[in-house]
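Just below is one structure, and these are the notes that go with it.
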Amino acid sequence: MVKAAVLHHYGEPLAIEELDLAAPRFGEVKVKMKAAGLCHSDWHVVQGQLPLPLPLVLGHEGAGIVEEVGEGVTSVQAGDHVVLNWVPSCGRCPYCRLGRPDLCEAAARLTATGTLPDGTTRFSLGGKPVYQFLTAGAFSERTIVPEQAAIPIRRDVPFELAALISCSVMTGVGAVIHAARVRPGSTVAVIGAGGVGFNIIQGAALAGAKQIIAIDIVEEKLTMTKTFGATHTVNAGDEDAVSAVLDLTDGLGVDYAFEAIGRPETMADAYNMTRKAGMTVIVGIAAPHETVEINAFSLPSQAKTLTGVWLGQGNPPVDYPKLLDLYAAGKLKLEPLISAVYALEQINDGFAALKSGQNIRGLIRF
Ligand code: APR
Ligand code: ZN
Ligand code: ZN
């Protein structure tokens with residue numbers, strides 16, 4: 001039996017349940033969770049914006065220790081420290097073969113089914129299956145994931161910090177380094193200063209951007225963005241974000257604008273605050289039915305690049321260890337990203353704080 005936070009109905013608080021957890025099958029790994037972050041993607045699911053089969057164990061940004069491995073597992077063994085990779089790529093689909101494991105088709109299917117690759121799940125309650133979000137199901141004392149989802153890491157980084165690498169750091173820093181390839185001396189705007197937005201800001205600082213404009217509606221977090229490299233802040237609750245960015249850039253707009261909330265309106269804002277021939281990068285995840293309104297004439301006449309990024313366009317087996325090395329070298333800040341630590345039983349308090357925007361990252365400690 002394992003204690004886990006389970007979503008039974010959309011829009012309702014998570015329930016703490018004792019679930020049965022079967023043994024790892026071929027190619028699977030049992031992980032004893034040590035820390036898991038509360039990400040806005042989990043919250044999108046709670047609200048019913050990303051429809052998935054229920055009941056479901058949420059959580060995908062996590063770190064823990066391998067407790068047991070199934071047959072055929074070669075890349076990790078019991079005792080290894082691991083970070084969960086929520087896009088366990090197959091290595092065989094057209095996107096994996098193209099060198100884009102972030103867009104793996106097999107992993108994308110698992111996002112929709114809430115299962116492991118064999119189509120089943122190891123969690124159950126009263127004999128009925130309980131699904132696992134992004135193969136991870138990280139809001140559980142123990143979970144079983146595909147081998148590709150358990151990335152071995154160095155042992156000298158605390159689990160709470162390592163957990164952040166799994167989603168917010170990979171997504172934010174990766175958006176800057178892999179997708180945008182921000183050049184030194186650039187101007188950058190970041191809409192949304194949450195777990196992901198703070199990492200876009202520190203990624204832009206790492207890349208040598210000369211001007212980094214942080215945009216949010218929570219003043220305390222805007223103040224904190226300065227310690228991550230923001231040079232200017234805009235409170236979108238007080239002023240129009242697009243006009244403010246144009247004012248700060250002599251009417252030009254920024255070289256790169258990132259959206260890290262997941263709202264169509266702020267996605268359009270990001271596009272509208274990008275200079276001609278600049279780049280707009282959508283990181284936030286909107287509901288599948290939503291559309292963004294963009295002026296059609298501006299597409300050819302302003303020649304901007306509009307793109308999006310999933311998993312920071314990363315390759316976790318390579319990038320998670322690299323990001324942890326950057327932290328160890330003093331080039332990435334992780335401690336100040338954690339605003340609050342909760343016990344699993346307090347997870348709904350953590351989501352309430354996420355909803356109100358007061359935390360950079362809230363974290364479950366097991
Ligand atoms: N204008 C500016 N900022 C806003 C607005 C707005 N209208 N509405 C919300 N925000 C801010 C919040 O105050 C918060 O700081 O956006 C931030 C969102 O941060 P989090 O809730 O911490 O979300 P995060 O986990 O960082 O994820 C951001 O990226 O990976 C995706 O699914 C994820 O869509 C989500 C996005
Ligand atoms: Zn996430
Ligand atoms: Zn694949």
Cα-based equivalent ellipsoid of the range 160-285: semi-axis lengths in Å, sorted from largest, via gyration tensor: 20, 16, 14
From the Cα centre of the range 218-284 to that of the range 320-344, the distance in Å is 24 Å
Positive dipole terminus of the chain, leading residue within 198, 93, 167 (C-beta point charges): 93
Quick one: the Cα spread of the chain along its three principal axes, in angstroms, biggest first? 61, 39, 39
On C-alpha positions alone, give me the angle between the axis of helix 316-328 and the longest principal axis of the chain, in degrees, nearest 10. 70 degrees
In nm, give the distance between the simple-model label positions of residue 111 and residue 335, each being 7 Å from the Cα along the Cα-to-Cβ direction. 3.5 nm
Subset of 128/355; 221/333; 226/333; 210/333; 3/30 violating a 23 Å alpha-carbon distance limit: 128/355
Two-site FRET efficiency, residue 296 against residue 155, from Cβ-Cβ distance with R₀ of 56 Å, rounded to 0.05: 0.55
Subtracting the Cα-Cα distance of residue 9 and residue 356 from 0.36 nm times their residue separation yields 122.8 nm
Dimensionless Rg/Rh of the range 94-154 - Kirkwood Rh, Rg from C-alpha atoms: 1.02
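FYI, it's all coordinate maths here, none of it is from the lab. Here the structure is a predicted model, which is why all the values come from computation and not from measurement. Methodologically, a virtual Cβ is constructed for each residue, glycine included, from the backbone with ideal geometry; neighbour enumeration extends over all protein chains shown.
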